[in-house]
Structures are given as structure tokens and as C-alpha cells.
Amino acid sequence: MFGCSPGVGRLTVRCKVMAVITRRNWLAALSAGAASVPVRMKAQQPARQPLDLSEYQPKSMLRVHETKVDRARYPVIDIHTHLSFAAKGEKGVPLTDARRYAAAPADLLPVMDAVNLRTMVNLTGGYGDGLREAVQRFDHSSPGRFLTFTEPMYARANESGYAAAQGAEIERAHRDGARGLKVLKTLGLYLRENITSGKLVKIDDPRFDAMWEACGALKMPVAIHISDPAAFFLPTDRFNERFEELNNHPDWSFHDHDFPSNEQLLEARNRVIKRHPRTQFIVLHVGNYAEDLAYVSEAMDRMPNFNVEIGARIGELGRQPRTARKFFDRYQDRILFGTDAVPEGKETPQQIFVKELYRIYYRFLETEDEYFDYAPSPVPPQGRWRIYGIGLPDPILKKVYNGNASRLLGPA
Ligand SMILES: [Zn+2]
């Protein structure tokens, strides 16, 4: 009547319990409600076994189609990678132009060739001597395969005359080969009036206006990361959809302290984009609000210079595949391929530069496969969900893979 499954310890015990219940007292229990379930049955219920959430690795029993996408259907420009970093930083603020390198071109090119990745854009190229060195090391050594963006001189942001100096520095970076500007979430969440102390500097502070304008004048797109996943602004508790991720990286939480809300950060960013209509913005991580595509759509409708990139957010797009597909249809000319890939480390499998990472992105964009992992990892690193492909048609795929990025980057 209840069915007994062989083999599994817990179920076996349960079947034994059922066997001692007569039909008569079972019917009595039903008519009288749960309170009258025979004491003997309750006493013999097996104990629940505790299981640490971090040890839970359920294997899906779904037998669904798996498409192998080893290479992208069209050559890819990854607009969002990190191949070099500031050699020194404090409290989230880069403090030097000197660079530290995560990899050399020779380490990257075989993977790039294997997955049809034509160009990697290294966003964190820094400025000054460090930028010149990074451009030399990547862009000049393998023409067309690597491009480099510059970054603001945050360490000087409290000097008088910073606005003009930063504007001039963008022009110098352009001459030195930088193809765009990268703004990390340093702006809004880490940079303070005394650089690493004092009040947080506002994203729409006028001291950066010359920088945004210089980028527009020189046709250098601005890749901007403001804020973070919405769950990072909520308490790290049992209701938080990224509980495990935040528990593993407590310093990623922006709940409390003097941090602005997610909405305040996004609105300040939108004011900047609105105020500089000649400047093209590539708003990373799906406008930094992949959880709310209606919000991002509204911003894109209002601001034609608002473009987005999808790095590290296929976990959000792929669990709302129908909404995401409509989003790609509507904004097909303003969505860029990116992964946020870093060729080092183990902590963030959703962005470690390996072939498998690219193949997951391709599967998401090119196929209608169902319920697959968004990162090459035994435990989903951002949250416990899986994704569905959106099967983009060829014309949209081409634009997302390289057409939109080529247009924004302009001629070499
Ligand atoms: Zn990034």
C-alpha cells in the first residue's frame, strides 16, 4: 500500500514499521487524525540524519538532452577578463600603477584557439607605466588576440585638480593603446574621501565628469561594474539565496556598515550614464541587476548608451530563460559576451579561465538544453540552482559573440 523500496537503509526501516500496522488501526488513525497514529509507529520512526549543507551534492535524476558545444559557432570577443591586477591595494582600492600578471599570452592562446575565442579584453590594465607594460605584454605580442582597458588613478582622487588630471590621463592612456576604461566596484563601495578612510565617494561625484567625457570624445567605451548581486546587500542568513557563497566569502557582503543600498548605487550610476550621452557604457554583469531584467530594460530604454555584458550572471539569466530570451531579442544590438574570466585561483569556479567555462556559456546561448550547471564545479558556487539554454538564432548570436563588441571597440 505504501510501497517499499529495497536497498536504501532508511526506506527499509520504514517498510518494517508499516508492516506492523494493521489495516484496522491504520483506518482508525486516518479517521481520527494524525494525533491518533499508534505510538508504536512514532517510536520506531528512524532518526533524521543531519547533513551539513556544504556536503550536499545531489545528482540530478533528470535524463535530459546534453549538447556538446566545444567551440562557439562564431568567433568570440570576451569583453570582460582580468589578466593583470594592481600590484598593491588596500581596502578594495588599487594604490599603484604597477601590475601583477595572472598569465602570459602563451598560457592563454591554446585555450582560446580550442574554444574559438578570438580576443580577450583585459579590463584591469591600470594606468601609466603599468598600462604601457600590459599593452606591450599582451596587445603588441599577439595582435588582435588581446586588448587592454585603462583604469582611474584612484590613489589621487583626493588631490585638488584630480578631475582635469584624470581627464588628461585618459587621453594619455588612449595614446598608449588603451581601448576603453574599466571602473571596478571600487567606485561606490570602497573609494573614500581620504582614499581608504572617511566617507564613501559617490558614483556621480562631479570630479569624474572629465573622465567620462574624455572617454566619449575618444570613443573609448566604459566597462563599469557598480554594486553586486542583490543578495549581497541582504543579511547572510537562511533566507539569503547566496548564503553559501557569502558564508564562504564574508567580505563580499555589503549589508550594514555605511554601505548604500543596491538601489542607491544603481541609481547613482544611471545618473552618470544619463549625464554623458556621448559616452558608451558597457554595464557589466547584465547591468549589475540580472535578477531584475525589467529594471535593466527600463534603463536601457531610457538610455541608448547603456549596453550590457553577461559575465558571471548566466546563473541568473539561465533560471529565467523565457524572460532572458525576450531580453536578448529586444536588446540584441546592446548585449556583449563576457565571462569575467581570471586565469588563476580556485575559489570562484564561475570565472576561472578554462575551456569548460566557455563551453557552458556557449551551451547556454546556443542550445535549448535544460537544467545544467552554470559553472564547472561539484557544488554550484553562487547559489543552488541550475540553468536552461536560450537557443539564440544565428543573427543574434553573431552580434552577442562579436558584432556588438567590435562596434563599440571601434577600429584598432
Ligand atoms: Zn570583472
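Among the listed pairs Lys68/Lys399; Lys202/Lys346; Lys185/Lys399; Lys219/Lys355; Lys182/Lys398, those whose Cα-Cα separation exceeds 30 Å are Lys202/Lys346; Lys219/Lys355. Taken along the Cα-to-beta-carbon direction at a fixed 7 Å, the label points for His249 and Asn158 span 2.7 nm. Its Cα centre serving as origin, the stretch 250-293 has a Cβ charge dipole (Lys and Arg +1, Asp and Glu -1) of approximately 540 debye. Relative to the longest principal axis of the Cα atoms of the chain, the long axis of helix 262-275 makes an angle of roughly 30 degrees. Stretched out straight at 0.36 nm per residue, the stretch from Asp394 to His140 would grow longer than its current Cα-Cα span by 88.2 nm. Counted over the chain, the DSSP beta bridges are approximately 30% antiparallel.
On the basis of the beta-carbon distance and an R0 of 60 Å, Ala165 and Glu368 show a calculated FRET efficiency of 0.70. The value of relative contact order for the stretch 289-412, using C-alpha pairs under 8 Å at least six residues apart, is 27 percent.
Here the relative contact order of the chain, from alpha carbon pairs under 8 Å that lie six or more residues apart, stands at 15 percent.
Modelled spin labels at Arg73 and Asp333, positioned 7 Å past Cα toward Cβ, are 2.1 nm from each other.
Tell me which of Asn262, Ile170, Ala47 sits at the most positive position along the dipole axis of the chain, charges placed on C-beta atoms (Lys, Arg +1; Asp, Glu -1). In the chain, that residue is Ala47. Taking the three principal axes of the alpha carbon atoms in the chain, the coordinate ranges are 89, 48, 39 Å, sorted in descending order.
Give the angle, between 0 and 90 degrees and rounded to the nearest 10, that separates the Cα long axis of helix 293-302 from the longest principal axis of the Cα atoms of the chain. In the chain, helix 293-302 runs at an angle near 20 degrees to the longest axis.
Taken about its Cα centre, the chain carries a charge dipole of about 1480 debye when Lys and Arg each add +1 at the Cβ and Asp and Glu each add -1 at the Cβ.
Dipole of the stretch 245-370 computed with +1 at Lys/Arg Cβ and -1 at Asp/Glu Cβ about the Cα centre; of Asn288, Ile335, Phe364, farthest Cα towards the positive end is Ile335. Candidates Ser406, Gly345, Ile387 compared by Cα position along the dipole of the chain: farthest toward the positive end lies Ile387, with charges placed on Cβ. Every helix of 4 or more DSSP H residues in the chain counts as -39500 (n - 2.57), and over all residues that averages to -9500 deg cm²/dmol at 222 nm. The long axis of helix 162-175 is offset from the longest Cα principal axis of the chain by roughly 90 degrees.
No value in this document is a laboratory result; all are computed from the given coordinates. Just so it is clear, the structure is predicted and the values come from calculations on it, not from any experiment. We place every Cβ from the backbone using ideal geometry, glycine too, and count neighbours over all the protein chains shown.
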